[in-house]
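See below for the structure under consideration.
Bear in mind that the values in this text are calculations on the coordinates, not laboratory data. Please read all numbers here as calculations on a predicted model, not as lab measurements. Neighbour counts run over all protein chains shown; Cβ positions are idealised from the backbone, glycine included.
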Amino acid sequence: MHGAGNDFVLLDLYTSGNPRSDEEWAGLARAMCDRHYGIGADGLLLVLPSEIADARMRMFNPDGSESASCGNGIRCLGRFLRDRHGLRSEGMRVETGAGIGAIAIHADGSVSVDMGKPIFVPADIPMTISGNTAMNVGLSVDGRTFDVSCVSMGNPHAVTFVERHGLDDYPLETIVPRVEYHPLFPERTNFEICEVLDEHQMRVRVWERGAGITLACGTGACASTVIASTQGRVQSPVSVELPGGVLSIACHGGGPVLMTGPTAYVYTGTWSGSGLRAPLSESGVLPDSELATLNPELPSAVGSAR
């Protein structure tokens, strides 16, 4: 599935629970998300039962690290739970590592999710500076100095702004890998570069921690809007244009952030392999040592991968 081009492999464990160790899930995520040797995705989503909500989501990045929150992921997972397991369209509650998100699924397939309140205190983002907020913090990378403003939407984000028409030429591929691992961010960070079009529209490009450049990032769109709103650059609601599509973000002060955007099924299939990247057998195919079924009976999904 994907939400505005932010694509995921969903594993349906809603009735079976979590039968693997974290290390095994990390290895499976690295294998499945590889766009050359695997399925290819921005993350692996585990659809799990929950003792405190309607369901639980775990999200593993392509590098095997786990993210506490994923905005587009939880929207995709919410629609899947409604379609596959008959959960309610309004008021669905999904547990994540960052808390519980309330989800509403609309008739056109778009999904809204309450992403909770933004976190501005640097120690809680986390960052290695003190104070109550981290606005316009000077950052030097490879001889380039620029300001970032930081917030957590369940995961850390560093946001910067460019002048009109400066977004496409920004050297995201060369600058941002060093920002992700900058000592200022003890748990690494996501990064957003933003171009404000008017008080209700922005363009945003994203670098996701553990994934790199992606077509969209839900928490990144939320973080960008929160920072832009706090600095008086935009007013809610804001239409955030990302390379993969448009997300609508509503936020007021430091209150909860509501995100709405599209979701779509791509295909279903089975995964053949051990969950770790391994050489091909002499026959030129992966050994059938294990099968993980992905959404096999969902009527609106087509195609297969093996």
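Based on Cβ point charges of +1 for Lys and Arg and -1 for Asp and Glu, what charge dipole magnitude is obtained for the chain about its Cα centre, in debye rounded to the nearest 20? Before the final figure, lay out each step's value.
On the way: 22 positive and 35 negative charges, 60 e Å.
With only Lys, Arg, Asp and Glu charged at Cβ, the dipole is about 280 debye.
Among ILE74, ILE125, ILE100, rank each residue by its count of other Cβ atoms within 10 Å, from fewest to most, as a rough exposure measure.
Numbers: ILE74 29, ILE125 26, ILE100 16.
Sorted ascending by nearby Cβ count, the order is ILE100, ILE125, ILE74.
With +1 on the Cβ of every Lys and Arg and -1 on the Cβ of every Asp and Glu, and nothing else charged, how large is the dipole of the stretch 77-205 about its Cα centre, in debye rounded to the nearest 20? Please report the intermediate quantities before stating the final value.
Working: 12 positive and 18 negative charges, 98 e Å.
Result for the stretch 77-205 is approximately 460 debye, rounded to the nearest 20.
Within the chain, which DSSP H helices have Cα atoms that stretch 15 Å or more along the helix axis and a mean Kyte-Doolittle hydropathy of at least -1.0?
Those that pass (Cα extent of 15 Å or more, hydropathy at least -1.0) are 22-33, 71-85, 218-230.
Once fully extended, how much extra length lies between ASP168 and LYS117, figured as 0.36 nm per residue of separation less the alpha-carbon to alpha-carbon distance?
15.4 nm
Pop out the Kirkwood hydrodynamic radius of the stretch 59-148 from its pairwise C-alpha distances, inverse of mean 1/r, in Å to one decimal. The partial results should precede the final answer.
Numbers: mean 1/r = 0.0637 Å⁻¹.
With all distinct Cα pairs of the stretch 59-148 included, I get 15.7 Å.
Mind checking the full-extension length gain between HIS106 and GLN235? Use 0.36 nm per residue of separation minus the Cα-Cα distance, one decimal, nm.
Working: separation 129, 0.36 × 129 = 46.44 nm, distance 2.43 nm.
Once the chain is fully extended between HIS106 and GLN235, it gains 44.0 nm.
Enter the per residue convex hull volume of the stretch 122-260, computed from alpha-carbon coordinates, in Å³ rounded to the nearest integer.
Numbers: hull volume 13.8 nm³, N = 139.
Expressed per residue, the convex hull around the Cα atoms of the stretch 122-260 is 99 Å³.
Please report the equivalent ellipsoid semi-axes of the chain, computed as sqrt(5 x eigenvalue) of the Cα gyration tensor, largest first, in whole Å. Before the final figure, lay out the partial values.
Numbers: eigenvalues 203, 101, 61 Å².
Working from the Cα gyration tensor, I get semi-axes of 32, 23, 17 Å.
In what sequence do CYS251, CYS217, CYS76, CYS70 fall when counting other Cβ within 10 Å, fewest first?
CYS251, CYS76, CYS70, CYS217
If every alpha-carbon in the stretch 1-127 counts as one equal scatterer, what log10 I(q)/I(0) does Debye give at q = 0.10, 0.14, 0.20 1/Å?
Here log10 of I(q) over I(0) equals -0.31, -0.61, -1.16.
Along Cα→Cβ, 7 Å out, is where each label goes; now give me the distance between the ones at ASP22 and ASP147 in nm to one decimal.
Label at ASP22, label at ASP147, 3.7 nm between them.
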